[in-house]
1. Percent of accessible area on the chain owned by carbon and sulfur, 1.4 Å probe?
2. Ranking request for peptides 184-193, 171-180: highest mean number of other beta-carbon atoms within 10 Å first, then the rest in descending order.
3. Starting from the amide H of Met85, placed 1.01 Å from N in the peptide plane, find each other amide H under 5 Å away whose residue is 5 or more places distant or on another chain.
4. Per-residue ellipticity at 222 nm for the chain, helices alone: DSSP H runs ≥ 4 residues times -39500 (n - 2.57), over residue total, nearest 500 deg cm²/dmol?
5. Local charge sum around Phe80 (other residues, Cβ-Cβ under 13 Å, Lys/Arg +1, Asp/Glu -1)?
6. If packing is taken as the mean number of other Cβ atoms within 10 Å per residue, what is the order of 104-116, 65-77, highest first?
7. In nm, give the distance between the simple-model label positions of Asn168 and Lys103, each being 7 Å from the Cα along the Cα-to-Cβ direction.
8. Can you tell me how much longer the chain between Lys181 and Lys142 gets when fully stretched, taken as 0.36 nm per residue apart minus their C-alpha distance, in nm with one decimal?
Amino acid sequence: GSRKRRLIENKLSHKFNELNKLAGKLAKEAVKKSKKNILIAGSLPPQNFTYFADLGKDLKFIKNSFKAQAKCLNPYVDFFYLDVMSSLKECQIAINSIKSFKKEFLLGIHIRKGGKLPSGEKISTVIKKVDLKKIKCPYGFKINAFEHIPAGWKPDSNNPKVQLGKRNDLNPLKFAKICIKFNKMGANILGGCCETTPSHIKKLRSLI
């Protein structure tokens, strides 16, 4: 919620540095209170629209926005999480924006039916192009429970009339069964995204 474009839309662009640094400080405080060895991920979401391959006409704005948010978060995080990337180009821009910090990162790719990104590119193609060392790194997934995501839909366009709905069949038990299945196949980074609940995540404790 504190990416540049979103703050500009809500007339809060002057709060960009403050809000991103506050997020980092709060994460640090939470880890300290937990008294556990917890790593902090700096989330870098799409800098245009989520689940949308079109980066718009101003690529300079997208590149600068990634870099600016990464710079704010860097002092507080152990690694970066590039969240729900929707095209090879978006992946490459996001990765390039954090190179100077020399930190490890997780690459989150949004996949639709047929194993393709919103851009129409196959996930296997993207993996080869961004050189992820033949998936020797940990991998996994997070599931959202939206009823449907129409092609070309802009989820954060601030239009309250547009509702995606929630899948009633993806209850915590079914969610756990899916996670257990893929965990046995090697996936060890598991989670829930939009429309999943604390009850869903609680079921993951059975894998610990």
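The values are calculated or read from the model by the stated rules, or taken from the named source; none is laboratory data. Note that the structure is a prediction, hence the values are computed from the model and not measured. Glycine gets a Cβ as well: all are built from the backbone with ideal geometry, and neighbour counts include every protein chain shown. Only protein heavy atoms, including side chains, enter the accessible area calculation; ligands, DNA and RNA are left aside. Shrake-Rupley method; radii C 1.70, N 1.55, O 1.52, S 1.80 Å.
1. Answer for the chain is 55 percent, counting heavy atoms of protein chains only.
2. The packing order, highest mean first, is 171-180, 184-193.
3. Gly108, Ile109, His110
4. Counting only the DSSP helices, I get -11000 deg cm²/dmol.
5. +2
6. In descending order of packing, they fall as 65-77, 104-116.
7. Computed distance between label sites Asn168 and Lys103 equals 4.3 nm.
8. 12.7 nm
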